[in-house]
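The values are calculated or read from the model by the stated rules, or taken from the named source; none is laboratory data. No experiment lies behind these values; they were computed from the predicted model shown. All Cβ positions, glycine included, derive from the backbone under ideal geometry; neighbour counts span all protein chains shown. These area figures cover heavy atoms from the full protein model, side chains too; ligands, DNA and RNA do not enter into them. Shrake-Rupley method; radii C 1.70, N 1.55, O 1.52, S 1.80 Å.
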Amino acid sequence: MAYYRVWIEVWCDWNPAESDLEEIAQNISAGEAICTKREVVAVVYRPQDIEDEEAMSFFGGDEGDADLRQG
């Protein structure tokens, strides 16, 4: 299974650091923020290829653990 890293550029008139991703997405859907760019910046085929610790936590483990769940 491939995993994609996506870069999303959003313009808004509030501080996005005070919002979580879900709130930002809701504001984009409501038209209160403008999404100007969406670009796939990386594709990996196994979670252990991901070098970002926070992203690895999404898969529920440390580097090397994720491929055991891949089957």
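Could you give me the residue pairs with C-beta distances under 6 Å whose first residue belongs to region 1-15 and is among the aliphatic types (A, V, I, L, M), whose second residue is open to solvent by 100 Å² or more (accessible area, probe 1.4 Å) wherever it lies, and which are 6+ apart or on separate chains? Here the result reads ALA2/TYR45; ILE8/ARG38, each pair linking region 1-15 to a residue that is open to solvent by 100 Å² or more (accessible area, probe 1.4 Å). Contact annotation: residue pairs with Cβ atoms under 7 Å, 6 or more positions apart or on different chains, pairing a residue in region 23-38 that is under 14 Å from ASP13 (Cα atoms) with a partner that is assigned to a helix (DSSP H, G or I), are ILE24/PRO16; ALA33/ILE24; ALA33/ASN27; CYS35/ILE28.
Quick one: count up the residues across region 5-21 that are open to solvent by 100 Å² or more (accessible area, probe 1.4 Å) and either β-branched (Val, Ile, Thr) or modelled with pLDDT under 90 (or both).
Taking region 5-21 and keeping what is open to solvent by 100 Å² or more (accessible area, probe 1.4 Å), we get 5, 7, 11, 13, 18, 21.
In the following step, the residues that additionally are either β-branched (Val, Ile, Thr) or modelled with pLDDT under 90 (or both) were identified as 5, 7, 21.
The number of residues fulfilling the criteria is 3.
Collect the residues in region 20-46 that are among the small types (Gly, Ala, Ser) and more than 15 Å from the chain's Cα centre (by Cα), keeping them in residue-number order.
Residues of region 20-46 that are among the small types (Gly, Ala, Ser), as a first pass: 25, 29-31, 33, 42.
If the condition is that a residue be among the small types (Gly, Ala, Ser) and more than 15 Å from the chain's Cα centre (by Cα), then SER29, ALA30, GLY31, ALA33 are the ones that fit.
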